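Step one of this worksheet: look at the structure below.
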Amino acid sequence: MPLSTQSQTDDEFYVLVATLDNARNLSNILKAIAFKDHAIFSATPNGLKVTVEDSKCLQANAFIQAEIFQEFTIKEDMVGFQVNLTVLLDCLNIFGGSTLPGNYTEALKVSTALRMCYVGYGYPLTLFLEEGGVVTVCKINTQEPEEPIDFEFCSSNVTNKVILQSESLKEAFSELDMTSEVLQITMSPSQPFFRLSTFGNSGNAHYDYPKDSDMMELFQCTKTQTNRYKMSLLKPSTKALALSCKVSVRTDNRGFLSLQYLVRNDDGQICFVEYYCCPDEEVEEE
(Lines give C-alpha, C1' and ligand atoms only; values in the text may rest on other atoms or scores of the structure.)
Protein backbone atom coordinates (compact mmCIF):
# COMPACT_ATOMS: atom_id res chain seq x y z
CA MET A 1 0.00 0.00 0.00
CA PRO A 2 1.60 3.31 -1.04
CA LEU A 3 0.49 5.03 2.16
CA SER A 4 2.67 2.65 4.15
CA THR A 5 5.69 4.28 2.54
CA GLN A 6 4.66 7.64 4.00
CA SER A 7 7.32 8.84 6.45
CA GLN A 8 6.87 6.95 9.70
CA THR A 9 8.79 9.57 11.67
CA ASP A 10 5.52 11.41 12.37
CA ASP A 11 4.07 8.35 14.09
CA GLU A 12 5.79 9.09 17.39
CA PHE A 13 3.53 12.17 17.73
CA TYR A 14 0.28 10.27 17.21
CA VAL A 15 -1.67 8.56 20.02
CA LEU A 16 -3.77 6.74 17.40
CA VAL A 17 -2.89 5.45 13.92
CA ALA A 18 -5.27 3.24 11.92
CA THR A 19 -4.84 2.17 8.31
CA LEU A 20 -7.15 0.42 5.85
CA ASP A 21 -6.44 -0.79 2.33
CA ASN A 22 -10.12 -0.09 1.58
CA ALA A 23 -11.68 3.01 3.16
CA ARG A 24 -15.14 1.64 2.33
CA ASN A 25 -14.71 -0.82 5.19
CA LEU A 26 -14.99 2.18 7.50
CA SER A 27 -17.30 4.47 5.54
CA ASN A 28 -19.99 1.82 4.95
CA ILE A 29 -20.34 0.99 8.63
CA LEU A 30 -20.36 4.67 9.60
CA LYS A 31 -23.19 5.30 7.12
CA ALA A 32 -25.24 2.77 9.11
CA ILE A 33 -25.27 5.13 12.11
CA ALA A 34 -25.20 8.50 10.30
CA PHE A 35 -28.48 10.03 11.45
CA LYS A 36 -26.97 12.98 13.36
CA ASP A 37 -24.05 15.26 12.53
CA HIS A 38 -21.81 14.49 15.47
CA ALA A 39 -20.26 11.20 16.51
CA ILE A 40 -18.21 10.19 19.54
CA PHE A 41 -15.12 8.11 18.74
CA SER A 42 -13.70 5.84 21.44
CA ALA A 43 -10.56 3.88 20.59
CA THR A 44 -9.09 1.12 22.77
CA PRO A 45 -6.57 -1.61 21.94
CA ASN A 46 -9.59 -3.75 20.95
CA GLY A 47 -10.63 -1.37 18.18
CA LEU A 48 -12.88 1.55 17.43
CA LYS A 49 -16.35 2.30 18.78
CA VAL A 50 -18.35 5.13 17.19
CA THR A 51 -21.48 6.42 18.94
CA VAL A 52 -24.32 8.62 17.66
CA GLU A 53 -27.28 9.67 19.82
CA ASP A 54 -30.65 11.36 19.48
CA SER A 55 -32.43 13.14 22.34
CA LYS A 56 -31.59 10.55 25.00
CA CYS A 57 -34.05 8.12 23.39
CA LEU A 58 -31.88 6.49 20.74
CA GLN A 59 -28.24 5.45 20.61
CA ALA A 60 -26.33 3.75 17.81
CA ASN A 61 -22.89 2.18 18.16
CA ALA A 62 -20.64 0.90 15.39
CA PHE A 63 -17.87 -1.49 16.43
CA ILE A 64 -14.83 -1.92 14.18
CA GLN A 65 -12.43 -4.43 15.71
CA ALA A 66 -8.69 -3.76 15.61
CA GLU A 67 -8.22 -6.83 13.38
CA ILE A 68 -10.22 -5.15 10.60
CA PHE A 69 -7.45 -2.58 10.17
CA GLN A 70 -4.16 -3.34 8.42
CA GLU A 71 -2.51 -1.32 11.19
CA PHE A 72 -4.04 -0.22 14.49
CA THR A 73 -1.66 1.47 16.92
CA ILE A 74 -2.86 3.14 20.10
CA LYS A 75 -0.56 4.55 22.78
CA GLU A 76 -3.12 5.06 25.53
CA ASP A 77 -5.69 2.79 27.17
CA MET A 78 -8.48 4.89 25.66
CA VAL A 79 -8.47 7.70 23.11
CA GLY A 80 -11.69 9.70 22.68
CA PHE A 81 -12.83 12.62 20.56
CA GLN A 82 -15.92 13.95 18.83
CA VAL A 83 -16.11 14.84 15.13
CA ASN A 84 -18.65 15.93 12.57
CA LEU A 85 -19.68 12.60 11.03
CA THR A 86 -21.10 14.18 7.87
CA VAL A 87 -17.75 15.88 7.15
CA LEU A 88 -15.84 12.66 7.91
CA LEU A 89 -17.99 10.65 5.49
CA ASP A 90 -17.56 13.31 2.80
CA CYS A 91 -13.78 13.03 3.22
CA LEU A 92 -13.79 9.21 3.15
CA ASN A 93 -15.72 9.36 -0.13
CA ILE A 94 -13.63 12.18 -1.61
CA PHE A 95 -12.64 10.04 -4.60
CA GLY A 96 -16.30 9.52 -5.44
CA GLY A 97 -16.93 5.84 -4.96
CA SER A 98 -14.02 4.40 -6.92
CA THR A 99 -15.67 3.48 -10.21
CA LEU A 100 -13.76 3.21 -13.45
CA PRO A 101 -15.32 3.55 -16.89
CA GLY A 102 -15.41 0.42 -18.99
CA ASN A 103 -14.44 -2.84 -17.33
CA TYR A 104 -16.68 -3.45 -14.31
CA THR A 105 -14.38 -6.09 -12.80
CA GLU A 106 -11.52 -3.62 -12.98
CA ALA A 107 -13.67 -1.05 -11.22
CA LEU A 108 -14.14 -3.45 -8.33
CA LYS A 109 -10.38 -3.61 -7.82
CA VAL A 110 -10.03 0.13 -7.31
CA SER A 111 -10.13 1.10 -3.67
CA THR A 112 -9.18 4.13 -1.62
CA ALA A 113 -6.48 3.46 0.97
CA LEU A 114 -6.84 5.25 4.31
CA ARG A 115 -4.40 6.25 7.02
CA MET A 116 -6.16 7.90 9.98
CA CYS A 117 -4.03 9.68 12.59
CA TYR A 118 -4.76 11.60 15.79
CA VAL A 119 -2.20 13.52 17.86
CA GLY A 120 -4.44 14.05 20.88
CA TYR A 121 -6.70 16.53 22.66
CA GLY A 122 -7.12 19.79 20.77
CA TYR A 123 -5.69 18.45 17.51
CA PRO A 124 -7.61 17.60 14.32
CA LEU A 125 -8.24 14.09 13.05
CA THR A 126 -5.96 13.71 10.01
CA LEU A 127 -6.89 11.47 7.09
CA PHE A 128 -4.46 10.48 4.37
CA LEU A 129 -6.45 9.07 1.44
CA GLU A 130 -4.71 7.51 -1.54
CA GLU A 131 -6.12 6.23 -4.80
CA GLY A 132 -4.25 5.59 -8.03
CA GLY A 133 -1.13 7.36 -6.78
CA VAL A 134 -3.03 10.52 -5.76
CA VAL A 135 -2.88 11.36 -2.03
CA THR A 136 -5.37 13.75 -0.41
CA VAL A 137 -4.91 14.96 3.16
CA CYS A 138 -7.99 15.98 5.16
CA LYS A 139 -7.90 17.54 8.62
CA ILE A 140 -11.15 17.48 10.57
CA ASN A 141 -11.60 19.55 13.73
CA THR A 142 -12.28 17.51 16.86
CA GLN A 143 -14.13 18.41 20.03
CA GLU A 144 -13.97 17.02 23.53
CA PRO A 145 -16.24 13.96 23.55
CA GLU A 146 -19.49 14.12 25.47
CA GLU A 147 -20.24 11.23 27.79
CA PRO A 148 -22.51 8.79 25.93
CA ILE A 149 -25.80 7.92 27.59
CA ASP A 150 -25.69 4.69 29.57
CA PHE A 151 -28.87 2.82 28.67
CA GLU A 152 -27.98 0.27 31.37
CA PHE A 153 -28.90 -2.51 28.96
CA CYS A 154 -27.22 -5.61 30.34
CA SER A 155 -27.63 -9.23 29.30
CA SER A 156 -28.69 -10.32 32.80
CA ASN A 157 -31.86 -8.19 32.46
CA VAL A 158 -32.76 -9.42 28.96
CA THR A 159 -36.16 -11.15 29.06
CA ASN A 160 -36.63 -11.94 25.36
CA LYS A 161 -34.25 -12.46 22.45
CA VAL A 162 -34.57 -13.59 18.86
CA ILE A 163 -31.97 -13.77 16.06
CA LEU A 164 -33.31 -13.41 12.53
CA GLN A 165 -31.96 -13.47 9.01
CA SER A 166 -31.96 -9.81 7.99
CA GLU A 167 -33.82 -10.56 4.75
CA SER A 168 -36.96 -11.48 6.68
CA LEU A 169 -36.90 -8.23 8.66
CA LYS A 170 -36.36 -6.21 5.47
CA GLU A 171 -39.41 -7.96 4.03
CA ALA A 172 -41.45 -7.08 7.12
CA PHE A 173 -40.47 -3.42 6.95
CA SER A 174 -41.44 -3.30 3.29
CA GLU A 175 -44.92 -4.66 4.08
CA LEU A 176 -45.72 -2.77 7.28
CA ASP A 177 -47.37 0.66 7.12
CA MET A 178 -44.66 3.23 7.70
CA THR A 179 -47.23 5.99 8.18
CA SER A 180 -47.70 4.51 11.66
CA GLU A 181 -46.23 6.67 14.43
CA VAL A 182 -45.13 3.60 16.37
CA LEU A 183 -43.88 0.08 15.80
CA GLN A 184 -45.31 -2.36 18.31
CA ILE A 185 -43.20 -5.43 19.10
CA THR A 186 -44.71 -8.45 20.83
CA MET A 187 -42.40 -11.22 22.04
CA SER A 188 -43.84 -14.23 23.78
CA PRO A 189 -43.06 -17.88 24.65
CA SER A 190 -46.50 -18.69 23.17
CA GLN A 191 -48.32 -17.47 20.05
CA PRO A 192 -47.83 -15.08 18.30
CA PHE A 193 -44.16 -15.64 19.45
CA PHE A 194 -42.70 -12.64 17.58
CA ARG A 195 -45.04 -10.04 16.09
CA LEU A 196 -44.46 -6.61 14.53
CA SER A 197 -47.51 -4.32 14.39
CA THR A 198 -48.22 -0.91 12.89
CA PHE A 199 -51.23 1.41 13.13
CA GLY A 200 -51.12 3.64 10.08
CA ASN A 201 -53.37 5.38 7.54
CA SER A 202 -54.34 2.10 5.90
CA GLY A 203 -55.33 0.45 9.19
CA ASN A 204 -53.64 -2.00 11.52
CA ALA A 205 -51.06 -4.43 10.16
CA HIS A 206 -49.33 -7.39 11.82
CA TYR A 207 -46.32 -9.38 10.70
CA ASP A 208 -45.80 -12.66 12.58
CA TYR A 209 -42.78 -14.98 12.78
CA PRO A 210 -43.30 -18.58 13.91
CA LYS A 211 -40.58 -19.61 16.35
CA ASP A 212 -39.64 -22.54 14.10
CA SER A 213 -39.37 -20.36 10.98
CA ASP A 214 -36.36 -20.94 8.72
CA MET A 215 -35.59 -17.24 9.15
CA MET A 216 -35.43 -17.58 12.95
CA GLU A 217 -31.95 -18.63 14.09
CA LEU A 218 -32.61 -18.30 17.81
CA PHE A 219 -35.77 -17.94 19.88
CA GLN A 220 -35.40 -17.30 23.61
CA CYS A 221 -38.50 -15.73 25.13
CA THR A 222 -39.28 -16.10 28.83
CA LYS A 223 -42.32 -13.83 29.20
CA THR A 224 -44.90 -12.07 27.07
CA GLN A 225 -43.92 -8.47 26.38
CA THR A 226 -45.60 -5.86 24.20
CA ASN A 227 -43.83 -2.54 23.74
CA ARG A 228 -44.19 0.39 21.37
CA TYR A 229 -41.31 2.37 19.86
CA LYS A 230 -41.48 5.62 17.93
CA MET A 231 -41.11 4.86 14.21
CA SER A 232 -39.11 8.09 13.78
CA LEU A 233 -36.48 6.68 16.17
CA LEU A 234 -36.36 3.27 14.50
CA LYS A 235 -36.12 4.50 10.90
CA PRO A 236 -32.36 5.30 11.13
CA SER A 237 -31.69 1.65 12.03
CA THR A 238 -32.94 0.54 8.60
CA LYS A 239 -29.59 1.79 7.22
CA ALA A 240 -27.86 -0.85 9.33
CA LEU A 241 -30.49 -3.43 8.42
CA ALA A 242 -29.81 -2.88 4.71
CA LEU A 243 -26.10 -3.71 5.20
CA SER A 244 -26.54 -6.62 7.59
CA CYS A 245 -27.00 -10.36 7.16
CA LYS A 246 -28.33 -11.14 10.68
CA VAL A 247 -30.07 -9.15 13.38
CA SER A 248 -30.52 -9.87 17.08
CA VAL A 249 -33.65 -8.34 18.67
CA ARG A 250 -33.60 -8.13 22.47
CA THR A 251 -35.82 -6.51 25.09
CA ASP A 252 -35.05 -6.10 28.78
CA ASN A 253 -37.35 -6.02 31.81
CA ARG A 254 -37.98 -2.27 31.27
CA GLY A 255 -39.00 -2.72 27.64
CA PHE A 256 -35.82 -1.13 26.25
CA LEU A 257 -34.97 -2.45 22.79
CA SER A 258 -31.58 -3.58 21.49
CA LEU A 259 -31.06 -4.24 17.78
CA GLN A 260 -27.68 -5.82 17.00
CA TYR A 261 -26.75 -6.05 13.32
CA LEU A 262 -24.04 -8.35 11.99
CA VAL A 263 -22.43 -6.66 8.98
CA ARG A 264 -19.88 -8.20 6.59
CA ASN A 265 -17.54 -5.73 4.93
CA ASP A 266 -16.11 -5.87 1.38
CA ASP A 267 -13.44 -8.31 2.58
CA GLY A 268 -15.91 -10.63 4.31
CA GLN A 269 -14.87 -9.51 7.80
CA ILE A 270 -17.54 -9.10 10.47
CA CYS A 271 -18.42 -5.82 12.20
CA PHE A 272 -21.33 -5.00 14.48
CA VAL A 273 -23.80 -2.14 14.68
CA GLU A 274 -26.07 -1.83 17.70
CA TYR A 275 -29.09 0.42 18.24
CA TYR A 276 -30.69 1.05 21.66
CA CYS A 277 -34.17 2.54 21.77
CA CYS A 278 -36.36 3.40 24.76
CA PRO A 279 -40.05 2.37 24.72
CA ASP A 280 -42.63 4.96 23.74
CA GLU A 281 -45.35 4.03 26.20
CA GLU A 282 -46.67 1.21 28.28
CA VAL A 283 -49.05 -1.14 26.51
CA GLU A 284 -51.51 -3.34 28.31
CA GLU A 285 -50.70 -6.98 27.68
CA GLU A 286 -53.48 -8.68 25.81
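The values are calculated or read from the model by the stated rules, or taken from the named source; none is laboratory data. Predicted model only: the values in this text are computed from it and were never measured. With ideal geometry, Cβ positions are generated from the backbone for all residues, glycine too; neighbour counts draw on all protein chains shown. Each accessible area value is taken on the protein alone, full model and side chains, heavy atoms only, with ligands, DNA and RNA left out. Shrake-Rupley method; radii C 1.70, N 1.55, O 1.52, S 1.80 Å.
Looking across the range 98-122, the residues that are at pLDDT 55 or above and touching a helix residue (DSSP H, G or I) at 6+ places or on another chain (Cβ under 9 Å) come down to Ser111, Thr112, Ala113, Leu114, Arg115, Met116, Cys117, Val119, Gly120. Determine if the range 85-93 includes at least one residue that is open to solvent by 50 Å² or more (accessible area, probe 1.4 Å), under 18 Å from Val135 (Cα atoms) and without any contact (Cβ under 8 Å) to a residue 40 or more places away in the chain. Yes, the range 85-93 contains at least one residue that is open to solvent by 50 Å² or more (accessible area, probe 1.4 Å), under 18 Å from Val135 (Cα atoms) and without any contact (Cβ under 8 Å) to a residue 40 or more places away in the chain. Checking each residue in the range 13-39 for being closer than 18 Å to Phe128 by Cα, open to solvent by 10 Å² or more (accessible area, probe 1.4 Å) and touching a Ser or Thr at 6+ places or on another chain (Cβ under 8 Å) picks out Tyr14, Asp21, Asn22, Arg24. Listed by first and then second residue, the pairs linking a residue in the range 17-32 that is closer than 16 Å to Lys49 by Cβ to a residue that is surrounded by 19 or more Cβ atoms within 10 Å (Cβ to Cβ) and of a type in the set (Ser, Thr, Tyr), with Cβ atoms under 8 Å apart and 6 or more places separating them unless they lie on different chains, are Ala32/Tyr261.
Mind counting the residues in the range 179-231 that are of a type in the set (Phe, Trp, Tyr) and within 18 Å of Val158 (Cα to Cα)?
4
Do you know which residues across the range 108-126 are outside any loop (DSSP other than H, G, I, E, B) and surrounded by fewer than 20 Cβ atoms within 10 Å (Cβ to Cβ)? Residues satisfying the conditions are Leu108, Lys109, Ala113, Thr126. Quick test for you: out of Cys245, Cys271, pick the one residue that is open to solvent by 30 Å² or more (accessible area, probe 1.4 Å) and within 30 Å of Ala113 (Cα to Cα). After applying the criteria, what remains is Cys245.
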